[in-house]
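A.B. asks: Take this structure, written in structure tokens, and hold onto it; I'll ask about it next.
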Amino acid sequence: MSPQTFNTFWHALVMPLCARLPHGLSDAVCLKAFERNTEYKTNVYAALAQSLPKGLLPFEKQLAQHAGLHCGAASWQVIAQRYFEMMARECCDIYCLHHQGPRYLRDVVSFENLHDFEAVYKKPGGKLLLLFHFDRLTLISSALGQAGFPHGIITQPIDETNPDLSDHDRRFLAMKVRLQQTMAGGGWFVAGRDTRGIVQALQQGKTLILLPDVRPGPESPRVVKLPFLSQTLAIPDGAMRLAELTGATMMAGLCKSEGRRAKVCFLPLQGPPQAALGQAVQWLEGAILEAPHRWWQWNIFDYLVSHEP
């Protein structure tokens, strides 16, 4: 099936159907249909076969202990298949949210330590919630907004100025972000384009979500380097600079699947902005070693780590 045919099949037929089925059945149908995207699956397997050994070989003992995996081709294939299934479920979440709204969140999402988030949220001044491309990411912002914690969202450009996105990617991401914005109850800001609005929002005491684990681009060329998976992560320094400029308090959040349900947990961050960002990245590393398939960014791992000596 060609990518164009699959996208039509997926978004016009499969996802609207899945969004109306009982949860267990919708997951099964979603994954079965996602398996038809053979070109994407081939590309995912090829990319992960290259990146997983680079990131995980130094942690063979931890992987065996926490994830029951032993480094080698068989484990890389297991991780790649679980990764593929996780991305299918993320898509399913988006369409279920679109069609079922807050009811879906009540059925699926729970919070582990919402009191920690609430304590930071109520502090004076702006707040930056650092999320990562990990597991069922979309649920975090939507669930927080519906739980009475409105906030804004900062994204990379998702229009024609981003050359890495296809027309289909742009349409899907625009739908996804608009849905999140509605659920979150706040504004939508684009990195590198809405800097003044972002700074003003933080100075006004608002909470904004930002995803730091992205490749540097024209809108965010400056990087900060941090230890990560025995290598050096080189990611845009926007979160750090915003915190330095506005005095915003930083915290981090992750979503972790538990079967068809998902649990959201938070980590208050301490110290100056670069140290706080480093704590968040180390928290992400620990979560990856427990469930390596849940990190979306394995397919661009080489773009996220520094190759300088």
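The values are calculated or read from the model by the stated rules, or taken from the named source; none is laboratory data. Quick caveat, the model's predicted, so the values are computed rather than measured. Quick reminder, even Gly has a Cβ in these numbers, built from the backbone with ideal geometry, and neighbours come from all protein chains shown. The area values use the complete protein model at the heavy-atom level, side chains included, leaving out ligands, DNA and RNA. Shrake-Rupley method; radii C 1.70, N 1.55, O 1.52, S 1.80 Å.
A.B. asks: Rounded, prolate or oblate for segment 27-125? Axes are the square roots of the Cα gyration tensor eigenvalues, ordered a ≥ b ≥ c, and the cut-off for rounded is a/c under 1.5. Don't skip to the end; give the middle numbers.
C.D. replies: Values: a/c = 2.59, a/b = 1.31, b/c = 1.97.
Oblate, since a/c reaches 1.5 and b/c is not below a/b.
A.B. asks: Give, as ranges by residue number, the residues of segment 54-90 whose backbone N falls under 15 Å from the point 7 Å along Cα→Cβ of Y45.
C.D. replies: 73-85
A.B. asks: How would you order 44-53, 231-240 from highest to lowest mean count of nearby Cβ atoms within 10 Å? Spell out each step's value before the answer.
C.D. replies: Details: 44-53: 17.0, 231-240: 21.2.
Answer by packing, highest mean first, reads 231-240, 44-53.
A.B. asks: How much area per residue is accessible in the chain when the probe is 1.4 Å and only protein heavy atoms are counted (Å²)?
C.D. replies: Working: 13840 Å² over 309 residues.
Value for the chain: 45 Å² per residue.
A.B. asks: Work from the charge dipole of the chain (Cβ charges, +1 for Lys and Arg, -1 for Asp and Glu, about the Cα centre) and give the residue of C265, L31, H293 farthest towards its positive end.
C.D. replies: In the chain, that residue is C265.
A.B. asks: Same structure again: Given H placed 1.01 Å from N in the peptide plane, which residues other than close sequence neighbours of V223 have an amide H under 5 Å from its amide H?
C.D. replies: When sequence neighbours closer than 5 places are left aside, the close amide H contacts are D237.
A.B. asks: Then there's this: Just check the chain against the gyration tensor rule for me: Cα atoms, a ≥ b ≥ c as the square roots of the eigenvalues, rounded for a/c under 1.5, and otherwise prolate or oblate depending on whether a/b exceeds b/c. Present the calculation step by step, with values, prior to reporting the outcome.
C.D. replies: Working: a/c = 1.43, a/b = 1.15, b/c = 1.25.
Rounded.
A.B. asks: Would you mind classifying segment 73-138 by shape? Square roots of the alpha carbon gyration tensor eigenvalues, ordered a ≥ b ≥ c; an a/c under 1.5 is rounded, otherwise it is prolate if a/b is larger than b/c and oblate if not. Mind dumping the intermediate values first?
C.D. replies: Numbers: a/c = 2.78, a/b = 1.56, b/c = 1.78.
Since a/c reaches 1.5 but b/c is at least a/b, the shape of segment 73-138 is classed as oblate.
A.B. asks: Now a separate question. As an exercise, use a Förster radius of 30 Å and the Cβ-Cβ distance of Q203 and N113 to find the FRET efficiency, rounded to the nearest 0.05.
C.D. replies: The calculated FRET efficiency here is 0.60.
A.B. asks: Carbon and sulfur atoms: what percent of the 1.4 Å accessible area of the chain do they account for? Spell out each step's value before the answer.
C.D. replies: Values: 7380 of 13840 Å².
Solvent-exposed carbon and sulfur of the chain make up 53 percent of the total.
A.B. asks: In nm, to one decimal, how far is the K225 label point from the S166 one, both placed 7 Å along Cα→Cβ?
C.D. replies: So the label points at K225 and S166 sit 3.6 nm apart.
A.B. asks: Order the peptides 127-134, 84-91, 270-277 from the highest to the lowest mean number of other Cβ atoms within 10 Å of their residues. Intermediate results must be reported in sequence, preceding the final value.
C.D. replies: Details: 127-134: 23.6, 84-91: 19.1, 270-277: 16.5.
Going by the mean number of other Cβ atoms within 10 Å, highest first, we get 127-134, 84-91, 270-277.
A.B. asks: On to the next question. Please give the length that would be gained between A28 and Q100 if that part of the chain were fully extended, namely 0.36 nm times their separation in residues minus their C-alpha to C-alpha distance (nm, one decimal). Write out the running numbers ahead of the final one.
C.D. replies: Working: separation 72, 0.36 × 72 = 25.92 nm, distance 1.82 nm.
Contour length minus the Cα-Cα distance gives 24.1 nm.
A.B. asks: Using a Förster distance of 35 angstrom, determine the FRET efficiency expected from the C-beta separation of Q77 and H307, and round it to 0.05.
C.D. replies: Numbers: r = 26 Å, r/R0 = 0.75.
Once the sixth-power term is evaluated, E becomes 0.85.
A.B. asks: If I stretch the segment between K54 and L245 completely, what's the gain in nm (0.36 nm per residue apart, minus their alpha carbon distance), one decimal? It would help to have the intermediate numbers written out before the result.
C.D. replies: Numbers: separation 191, 0.36 × 191 = 68.76 nm, distance 3.53 nm.
Between K54 and L245, full extension yields an extra 65.2 nm.
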